[in-house]
Structure formats: C-alpha cells, structure tokens
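Following: one structure in structure tokens, then a few remarks.
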Amino acid sequence: MNQKDIALAAAKALDDKRAKDIIALKVDEMTVITDYMVIATGRSTPQVKALAENVEDELAKYEIFAKRREGLGEGRWCVLDFGDVMVHVFNEQEREYYQLERLWSDGTNELELDFGGEEGQD
C-alpha cells in the first residue's frame, strides 16, 4: 500500500462512520512533515473518537499503525500520525477555527474521493 492508498483508505474509513466534509490533500511539495493529510469532521465528541478509532482499526488490517496520536481523550480534535499520512478529525467548532484545508490546499492538490455519497455529507 503506498501513501496515496493509505490516505484514501483512511478517508473511506471516515466515510464508513459518516464523517462530514472529508478532504484528502497531497501536501508533499508544501511540507516535509507528511505527504498526505486527510481532514474530516465529527458531529459530537463520541463520533470524533469513533472516527479516529475506525481509521486505526481499518489501517491495522493492512498492518499500518499510527506512530503517534494526539487529542483523542478530549474528543474535540485528534490527529493520527501514520508518518507519510496524517489524519485530522475535528468537531465542527474546532474544524472551523483551525481551517487546515485553507492552510494546506492550493487548489490543485485535493484527491478525488470515490465512495458513494457526498464525501460524508448528509
């Protein structure tokens, strides 16, 4: 599984648990921190936690494990660091405040997400 496949699998895992506003960005030319960022919104504290846990569970099936995770205890925002892929799950207020996609999107680096619905929209 390459980095792009990992990012897409993470996005799919988020969609499976009904995350909102899922976006996957290729950021390798913008930062040395990571190659891909996946960003999503949960509707509540329990859902933010469930979304992050589902990403970890799904990627573990491919023997891909987070090197670090932060913020999971509070459930407002968490980041899962898979090295070349970072997954950010926010509640609605934190997502609006941090606006990571504004920081990391250049208008050409968004991956096409191909999973049925409206990328986690209602």
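Please work out if LYS4 is among the basic types (Lys, Arg), in contact (Cβ under 8 Å) with a residue 24 or more places away in the chain and surrounded by fewer than 21 Cβ atoms within 10 Å (Cβ to Cβ).
Yes: the conditions hold for LYS4.
Residues that are more than 20 Å from GLN3 (Cβ to Cβ) and touching a Ser or Thr at 6+ places or on another chain (Cβ under 6 Å): list the strands (runs of 3 or more DSSP E) wholly contained in the stretch 13-105 that include at least 1 such residues.
In the stretch 13-105, the matching strands (runs of 3 or more DSSP E) lie at 20-26, 85-91.
Sort out which residues of the stretch 50-68 are surrounded by fewer than 18 Cβ atoms within 10 Å (Cβ to Cβ) and among the charged types (D, E, K, R), and write them in order of number.
Once the filter is applied, which keeps residues that are surrounded by fewer than 18 Cβ atoms within 10 Å (Cβ to Cβ) and among the charged types (D, E, K, R), the stretch 50-68 yields GLU53, ASP57, GLU58, LYS61, GLU63, LYS67, ARG68.
Read-outs: derived from the displayed coordinates by stated rules, not from any lab. If you're wondering where the values come from, they're calculated on a predicted model, not measured in any experiment. Here Cβ is always computed from backbone atoms with ideal geometry, including for glycine, and neighbour counts include all displayed protein chains.
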